[in-house]
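Chemist: Starting off with a structure, shown below.
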Amino acid sequence: QVQLVESGGGLVQPGGSLRLSCSASGIDLSGYYMEWYRQAPGKQRGLVAAISTGGNGGYVDSVKGRFTISRDNAKNTIYLQMNNLKPEDTAVYYCHEPSTNIWGQGTQVTVSS
């Protein structure tokens, strides 16, 4: 059974940092383009960042320069390093494998003083 499990969320003050992890079982992530999405209360789920199999990352404008997506194929894990967090980054963050439409359960990120 294919499963994605996110971790690393939490409560952080504005300007702080968090690193989210997306660990996989039942699938070798090294062969897949992967994405991070987020969903804030009352809003639609939206794409945040994506990474190619070669490790090239892409970002929405609102997180460029602050977030970095990466992958560790040996650990079968995708990461999202989030720096200089803002209150508007508060959301549930999900990892997603688009070719088979697999989603993780999400991890809550709250940015508040």
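Chemist: Mind listing whichever residues of the stretch 69-83 are among the polar types (S, T, N, Q) and in contact with a Lys or Arg (Cβ under 9 Å, 6 or more places away or on another chain)?
Modeler: Kept after step one, since they are among the polar types (S, T, N, Q), are these residues of the stretch 69-83: 70, 73, 76-77, 81, 83.
Result: Thr77, Gln81, Asn83.
Chemist: Just a yes or no: is a residue in the stretch 83-90 among the β-branched types (Val, Ile, Thr) and closer than 20 Å to Ser113 by Cβ?
Modeler: Yes - at least one qualifying residue is present in the stretch 83-90.
Chemist: Tell me whether the stretch 28-40 contains one or more residues that are in contact (Cβ under 8 Å) with a residue 40 or more places away in the chain, surrounded by 15 or more Cβ atoms within 10 Å (Cβ to Cβ) and at positive phi.
Modeler: No, the stretch 28-40 contains no residue that is in contact (Cβ under 8 Å) with a residue 40 or more places away in the chain, surrounded by 15 or more Cβ atoms within 10 Å (Cβ to Cβ) and at positive phi.
Chemist: Looking at Val12, Val48 in this structure, which one is buried (at least 17 other Cβ atoms within 10 Å of the Cβ), at pLDDT 95 or above, farther than 14 Å from Ser70 by Cα and touching a strand residue (DSSP E or B) at 6+ places or on another chain (Cβ under 8 Å)? I'd like the intermediate steps shown before the answer.
Modeler: Details: Val48 fails: farther than 14 Å from Ser70 by Cα.
Going through Val12, Val48 in turn, just one is buried (at least 17 other Cβ atoms within 10 Å of the Cβ), at pLDDT 95 or above, farther than 14 Å from Ser70 by Cα and touching a strand residue (DSSP E or B) at 6+ places or on another chain (Cβ under 8 Å): Val12.
The values are calculated or read from the model by the stated rules, or taken from the named source; none is laboratory data. Keep in mind it's a predicted model, so treat the numbers as computed, not measured. Virtual Cβ from ideal backbone geometry, glycine too; neighbours counted across all protein chains shown.
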